[in-house]
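The values are calculated or read from the model by the stated rules, or taken from the named source; none is laboratory data. Since we're looking at a predicted model, the values are computed, not measured. Note: ideal-geometry Cβ built from the backbone for every residue, glycine included; neighbour counts use all protein chains shown.
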Amino acid sequence: MALQILENKGTFHLRGRVNTTTTRSFIIYFEHMINTINNVKVDINKIKEIDQSGVEAFKTLIAISLRNNKSFLIVGNGSQDIYEDCSFSNVA
């Protein structure tokens, strides 16, 4: 299964796989969403696979949102692991 992105009440629900074959379109889609709306909320509960390329894609989107002073929130099983992997630190 490829990656499906469904939106319901302001939350984007992902289904399928975030891997090397889907990350390019995933980043393009959500970069547009980050630039269009202030608060992007992504639910990853129905993701079957996130490989290292997928984790890097989430890191990229978090960085884009931070650079643009926008919110990019990941919710669902495994979201804490993604945030810990990102391990962004504020430098004064």
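A quick yes/no check of all residues on (1) touching a His at 6+ places or on another chain (Cβ under 6 Å); (2) within 19 Å of I82 (Cα to Cα); (3) in contact (Cβ under 8 Å) with a residue 40 or more places away in the chain; (4) not charged (D, E, K, R):
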{"position": "L3", "(1), (2), (3), (4)": "no, yes, no, yes"}
{"position": "L14", "(1), (2), (3), (4)": "no, yes, no, yes"}
{"position": "T23", "(1), (2), (3), (4)": "no, yes, no, yes"}
{"position": "I34", "(1), (2), (3), (4)": "no, yes, no, yes"}
{"position": "N38", "(1), (2), (3), (4)": "no, no, no, yes"}
{"position": "K41", "(1), (2), (3), (4)": "no, yes, no, no"}
{"position": "I47", "(1), (2), (3), (4)": "no, yes, no, yes"}
{"position": "Q52", "(1), (2), (3), (4)": "no, yes, no, yes"}
{"position": "I64", "(1), (2), (3), (4)": "no, yes, no, yes"}
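The criterion of at least 1 residues that are among the hydrophobic types (A, V, I, L, M, F, W, C) and at pLDDT below 95 is met, among helices (runs of 4 or more DSSP H) falling completely within the chain, by 52-67, 79-86. Hey, can you tell me all the residues within the range 60-75 that are over 20 Å from Q4 (Cα atoms) and exposed (fewer than 15 other Cβ atoms within 10 Å of the Cβ)? Answer for the range 60-75, where residues must be over 20 Å from Q4 (Cα atoms) and exposed (fewer than 15 other Cβ atoms within 10 Å of the Cβ): A63, L66, R67, N68, N69, S71. Restricting attention to the range 1-59, the residues that are surrounded by 13 or more Cβ atoms within 10 Å (Cβ to Cβ) and acidic (D, E) total 4.
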